[in-house]
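For reference, the structure discussed in these notes is given below.
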Amino acid sequence: MQMQDTNNKKIRVALIEDHKLMRVGLKSLFEKFDDIVVITEAESGKEGVEKVKAHNPDVVIVDIGLGDISGIEVVKRVITYNSAIKVMILTSHLSSESVIESFKAGVYAYVLKDINSDMLAMVLRSVNDGAIWIDPKAVPLIRESGSTIVPAKIKNRADFKATHANLTEREYEVLKLVVDGKSNYEIAQILKISEHTSKAHVCNIIQKLVVDDRTQAAVKALKEGLV
């Protein structure tokens, strides 16, 4: 009986980042996860596009600030080559213009580099499945710009109940912290509850919003203007 090649199940990632230390750190981070593998890397945009063409990864992670062409230009060239490849921006740069232009170019996620490792992995998996992700810190800037990338925030609790009446007030508080990228432990500390209770709330939220994980719950919350 032939054994199945488990590598086929891995999410194949290309890194395009001009700082070597950052590339090394990301590769080390993803090595912790059995379902993610970095198959190629590049330190410039043009090199990155060529390596994407050579290796056809599932997901490309690219910084905006590169030495030759911008990360946004990389997004355009990768998608022109193969629109099935998912691209996500991972950067320390935050402005409404950069976020809007990135999504116009076709990115699936705009992520800031201060994200924790587990959340980054979850965003990567979500992007690989076709979901859109916007870092919570970018959401106010987008709303203020008047862009329709992120819907207007639901104004009051009554409107929220009309949309998701089955979510309790406490679960709504937990959901907002999930969107902020907080872990179960951090949520427990902030709300002064046990970590077990925090985990239970997150599980209930996932079930009630009819999603598969906390990342998709956060994506849905942002998409529908719940937070």
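The table below gives the values:
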item: Over the range 188-227, equivalent-ellipsoid semi-axes from the Cα gyration tensor in Å; result: 20, 12, 7
item: Choice from 74, 179, 210 showing the highest fluctuation, given a GNM over the chain with Cα pairs closer than 10 Å; result: 210
item: Magnitude of the charge dipole, the chain, Cβ model with Lys/Arg +1 and Asp/Glu -1, debye to 20; result: 540 debye
item: Net charge contributed by nearby residues that have their C-beta within less than 12 Å of residue 198 (K/R +1, D/E -1); result: +1
item: The chain: calculated mean residue ellipticity at 222 nm from DSSP helix runs of at least 4, using -39500 (n - 2.57); result: -14500 deg cm²/dmol
item: Among 196, 19, 55, residue whose mean-square fluctuation peaks in a GNM of the chain (springs only between Cα atoms under 10 Å); result: 196
item: Listed residues 192, 86, 76, 223 arranged by accessible area, highest first, probe 1.4 Å; result: 192, 223, 76, 86
item: Charge context of residue 135, other residues only, Cβ under 11 angstrom, K/R +1, D/E -1; result: 0
item: Rounded to whole Hz, the Karplus (6.51, -1.76, 1.60) HN-Hα couplings of the range 89-104, x for glycine and proline; result: 8, 10, 8, 9, 8, 9, 7, 4, 5, 5, 5, 4, 5, 5, 6, 5
item: Environment charge of residue 11, counting only residues whose C-beta is closer than 12 Å and scoring Lys/Arg +1, Asp/Glu -1; result: +1
item: Cα-based equivalent ellipsoid, the chain: semi-axes from gyration tensor eigenvalues, Å; result: 31, 22, 15
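The values are calculated or read from the model by the stated rules, or taken from the named source; none is laboratory data. Quick caveat: nothing in here was measured; it's all calculated off a predicted structure. Every residue, glycine as well, gets a Cβ built from its backbone with ideal geometry; the counts of neighbours run over all protein chains shown. Remember, those area values only see protein heavy atoms, side chains included, never the ligands or the DNA or RNA. Shrake-Rupley method; radii C 1.70, N 1.55, O 1.52, S 1.80 Å.
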